[in-house]
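Below is one structure, written out as structure tokens; the observations come after it.
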Amino acid sequence: MQATFAAAEAPSVTVDSVILPDSQQWVMHGDATGRDYLIQVSVPDAPPPSGGYPVLYVLDGNARFPLAVVGRDSLTLRGPDGGTSPWLIVGIGYPDTRRFNGSARSEDYTPAVSNMPAIDSRGRPVGGAEFFQVFLHDQLLPRIATRFDVDSSRRALLGHSYGGLFALYTALTRPQLFSDYIAISPSLWWGNGFLYELPSVPGGVNAHVLLGAGDQERGRRPAFAQTSGARSDSLPAMCDNVDCFAQWLKSHHPDWIVEHQTFTGADHGDVMWPAMQTLWRFLNRSRLDKSEQ
């Protein structure tokens, strides 16, 4: 079987004057969210496995899609003449955006929380994560499945900051959407730790979760765990949010594969590059684990 990517249709994607080979892009309108999305896809140089390509979906695609493609094509290269890991990469971004669309991502990536205003302190809308989930489930995932030869059982979601919050929220509320969730520097302070209060997910879904943060981020991110009296009975008083959440996931979802990584010397702005090397090791090991089940 071959991917449905056709060179004549869109042989490459140009991002800030850098041409990414074997890539294509289009704009999709989200019916549930009411906004347009820039979808960018990179086909690996390896042929699809027998079950189709596994797919990595990348949030904040304008900024992170090129990084993910470069990471796959350099960090998974099997020698100068070898191929790379056979993951199709899908970037989910916004039209007419250079790196980040603050207003759109603020709404799409944050869940609705009771007693929280619909507009944040910077005047950005919030609370639209469920509508963004509907866009993914009803429109984007089916579109990718019809255009490319993909493995529907191997879908990973990568998010950073607000995107990491959305990845974890999705893992806990709709875990069947993806098989693997990568949350780098997730904004766990959002809603004063409301993720800990979510009801248990349905049984029978065994997610693979990777959490990570830079060691230079401590003390710079809002941290409810150190100050919230409401959670003091169940959270260590001086526990870093990402450490705490990794421990909580392991204890509440013992059937899940949960990994946690701290990246030495990395801050919130540059943590994604060291995270890439860990990400590809995690995904490829997770893929092998899945094939043995």
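The values are calculated or read from the model by the stated rules, or taken from the named source; none is laboratory data. None of these values were measured; they are calculated from a predicted model. Glycine also receives a Cβ, built like all others from the backbone with ideal geometry; neighbour counts cover every protein chain displayed. The protein model used for the area step is the full one, side chains on, heavy atoms only, and it has no ligands, DNA or RNA in it. Shrake-Rupley method; radii C 1.70, N 1.55, O 1.52, S 1.80 Å.
Can you check what the net charge comes to around Phe100, using other residues whose Cβ is under 11 Å from the Cβ of Phe100 (Lys, Arg +1; Asp, Glu -1)?
+3
I'd like the accessible area for His253: 1.4 Å probe, protein heavy atoms, all chains in place, Å² to the nearest 10.
Roughly 20 Å² of His253 is accessible to a 1.4 Å probe.
Amide H to amide H, which residues 5 or more places from Glu259 or on other chains are under 5 Å from it, using H placed in the peptide plane?
When sequence neighbours closer than 5 places are left aside, the close amide H contacts are Val209, Leu210, Leu211.
Could I have the simple spin-label model distance between Ala46 and Arg78, label points 7 Å from Cα toward Cβ, reported in nm to one decimal?
0.6
Work out from phi, with θ = phi - 60° and the Karplus expression 6.51 cos²θ - 1.76 cosθ + 1.60, the ³J(HN,Hα) of each residue of the range 260-274, listed in order in whole Hz, and give x for Gly and Pro.
Each residue's phi maps through the Karplus curve to give 9, 9, 9, 9, 5, x, 9, 10, 4, x, 10, 5, 5, 5, x Hz.
When the chain is fully extended, how far beyond the present Cα-Cα distance does Thr173 get from Trp26, taking 0.36 nm per residue of separation? All intermediate terms of the calculation are to be shown ahead of the outcome.
Numbers: separation 147, 0.36 × 147 = 52.92 nm, distance 2.86 nm.
Here the segment from Thr173 to Trp26 would lengthen by 50.1 nm.
Please find the FRET efficiency linking Ile119 to Arg98, where r is the Cβ-Cβ separation and R0 is fixed at 25 Å, and quote it to the nearest 0.05.
Efficiency, from the Cβ-Cβ distance: 0.55.
Report, by chain and number, residues whose modeled amide H sits under 5 Å from the one on Tyr57, excluding near sequence neighbours (fewer than 5 apart, same chain).
Amide H neighbours of Tyr57, under 5 Å, 5+ apart: Val90, Ala156, Leu157, Leu158.
How much of the accessible area of the range 34-113, in percent, comes from carbon and sulfur atoms when a 1.4 Å probe is used?
Values: 1320 of 2690 Å².
That share works out to 49 percent.
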